[in-house]
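S.K.: Please read through the structure below; I'll follow up with questions.
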Amino acid sequence: MSFSRMIIQLSALSLALAVLPACTTPTISEEVATEFAAEGLVVIKNSGFDEAYVLPGAGLPEYSEVDFDPLDVSRLEVTQTAVAGTVRSQWQMTPERERHLLESWQGAAARAFDDYPRAGARAGLIVEAALLQVAPGRGVSSETAASGSPIYGTSDVVDISVEFRLLDADTGQLLGVVRDRRTVASLQWGRAAGTDLAGLFNAWAGLLHTRVSGR
């Protein structure tokens, strides 16, 4: 299978994953999240993200200003496994890659939240984003087995994990936490020092806007 066809298939998959969950209606359960019991967060179901927690009565749609902290890559764990189509140096966090990642996320956030005025001085709702892991993909591969079933754990895709934290700027109170993992072509991470992740960041920022704004 050609690389261009693989990218088309994975892009279609990413688009489906980004759009379909946003059409479902999230429900706030009464289940207190063990990890965030001290903060009083409960589980959100059908959020479109892998995990989502919120403080009951947080009133996220009532915030008129949103400010984004720079993308945190200090916690990022990057696979040391050789991935097909890439070389080991492409998996290192270089200053150039870090700059591209920060710029790409900031651009995606600005586009998705362009209907909000920028707080600029840590006012309103603060959004903290952190990349957590890049690892060989466990999602759907571009190839299938003879039975027609997807092959899992193949080397042409990687899973990228992220965490978003929502805080009130005035009090510092944690209002919500979102975690998600998406599958992309391995070259989207390895090639061009991280600039090819714009589509992934746009999908995350767009769904985050939907959940924060309620629109």
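The values are calculated or read from the model by the stated rules, or taken from the named source; none is laboratory data. In this text the structure is predicted, and so the values were computed from the model without any measurement. Note that we place each Cβ from the backbone using ideal geometry, even for glycine, and neighbour counts take in every protein chain shown. Only protein heavy atoms, including side chains, enter the accessible area calculation; ligands, DNA and RNA are left aside. Shrake-Rupley method; radii C 1.70, N 1.55, O 1.52, S 1.80 Å.
S.K.: Kindly provide the set of residues from the range 162-185 that are within 17 Å of P70 (Cα to Cα) and open to solvent by less than 20 Å² (accessible area, probe 1.4 Å), ordered by number.
M.R.: V162, E163, F164, L166, V177, V178
S.K.: Pull up the range 34-47, narrow it to residues that are in contact (Cβ under 8 Å) with a residue 40 or more places away in the chain and open to solvent by less than 20 Å² (accessible area, probe 1.4 Å), then point me to the one that is nearest to the chain's Cα centre (by Cα).
M.R.: Of everything passing the filter in the range 34-47, S47 is nearest to the chain's Cα centre (by Cα).
S.K.: Collect the residues in the range 164-181 that are of a type outside the set (G, A, S), in contact with a strand residue (DSSP E or B) (Cβ under 9 Å, 6 or more places away or on another chain) and free of Cβ contacts under 8 Å to residues at least 60 places away in the same chain, keeping them in residue-number order.
M.R.: Applying the first criterion (of a type outside the set (G, A, S)) to the range 164-181 yields 164-168, 170-171, 173-175, 177-181.
Those still in the list that are in contact with a strand residue (DSSP E or B) (Cβ under 9 Å, 6 or more places away or on another chain) too: 164-168, 173-175, 177-181.
Listed by number, the residues that qualify are F164, R165, L167, D168.
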